[in-house]
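Participant: Would you mind keeping the following structure in view while I ask a few things?
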Amino acid sequence: MHTVSGGEVAGILVAVFWAILVSFLAVALARLAQTLRATTKLVADVTDQAVPLLADASAAVRSAQTQIDRVDSIASDVQEVTSNASALSTTVASTFGGPLVKVAAFGYGVRRAITGRKDDVPAKEPRRTVIVGRTVSRRDKRNTRGKRD
């Protein structure tokens with residue numbers, strides 16, 4: 001019979017410890033490899049989806065820039081038309097404004113002369129009608145008739 005010495009028992013314990021340690025490390029490395037594979041697949045999928053999205057975004061930015069250029073062109077044209085209209089308005093006002101005021105004043109003077117009124121002669125009093133204790137002029141009657149529904 002062979003007896004086991006203390007050194008041999010210690011050697012067996014160290015060997016078992018190393019075997020357990022190596023198996024834990026092997027499991028950890030296997031899980032790390034799975035994680036790296038999943039990460040690689042995820043990055044590949046994101047890349048496959050991101051490239052078309054970036055192309056669409058680039059096309060949208062180009063289209064927006066084109067529209068902004070068109071709006072800028074339209075705005076400058078509108079500004080030019082506005083300045084031209086302002087200049088035309090000023091020209092028309094200065095050309096026809098003075099003579100039109102003179103013609104209007106002449107027409108007013110002619111109308112006053114034809115009616116024969118003078119400033120010192122008072123106008124005729126309108127006819128009045130008494131209705132239930134209050135006096136109403138003809139003009140007020142016409143206005144109240146037109147307001148009825």
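The values are calculated or read from the model by the stated rules, or taken from the named source; none is laboratory data. All figures in this text were calculated on a predicted structure; none of them were measured in a lab. Cβ atoms come from the backbone with ideal geometry, glycine included; neighbour counts cover every protein chain shown. Note: areas computed on protein heavy atoms with side chains; ligands, DNA, RNA excluded. Shrake-Rupley method; radii C 1.70, N 1.55, O 1.52, S 1.80 Å.
Participant: What is the residue count in region 50-64 for residues that are polar (S, T, N, Q) and surrounded by fewer than 10 Cβ atoms within 10 Å (Cβ to Cβ)?
Facilitator: Step one: filter region 50-64 for residues polar (S, T, N, Q), giving 58, 63.
Restricting the remaining residues to those that are surrounded by fewer than 10 Cβ atoms within 10 Å (Cβ to Cβ) gives none.
Total meeting the criteria: 0.
Participant: Taking LEU32, is it out of contact with any Cys (no Cβ under 9 Å at 6 or more places or on another chain), surrounded by 10 or more Cβ atoms within 10 Å (Cβ to Cβ), part of a helix (DSSP H, G or I) and at pLDDT 95 or above? Let's see the steps before the verdict.
Facilitator: On the way: out of contact with any Cys (no Cβ under 9 Å at 6 or more places or on another chain): yes; surrounded by 10 or more Cβ atoms within 10 Å (Cβ to Cβ): yes; part of a helix (DSSP H, G or I): yes; at pLDDT 95 or above: yes.
Yes, satisfied.
Participant: State yes or no: is ILE20 open to solvent by 100 Å² or more (accessible area, probe 1.4 Å) and part of a helix (DSSP H, G or I)? Give the derivation first.
Facilitator: Values: open to solvent by 100 Å² or more (accessible area, probe 1.4 Å): no; part of a helix (DSSP H, G or I): yes.
Taking the combined requirement at face value, the residue does not satisfy it.
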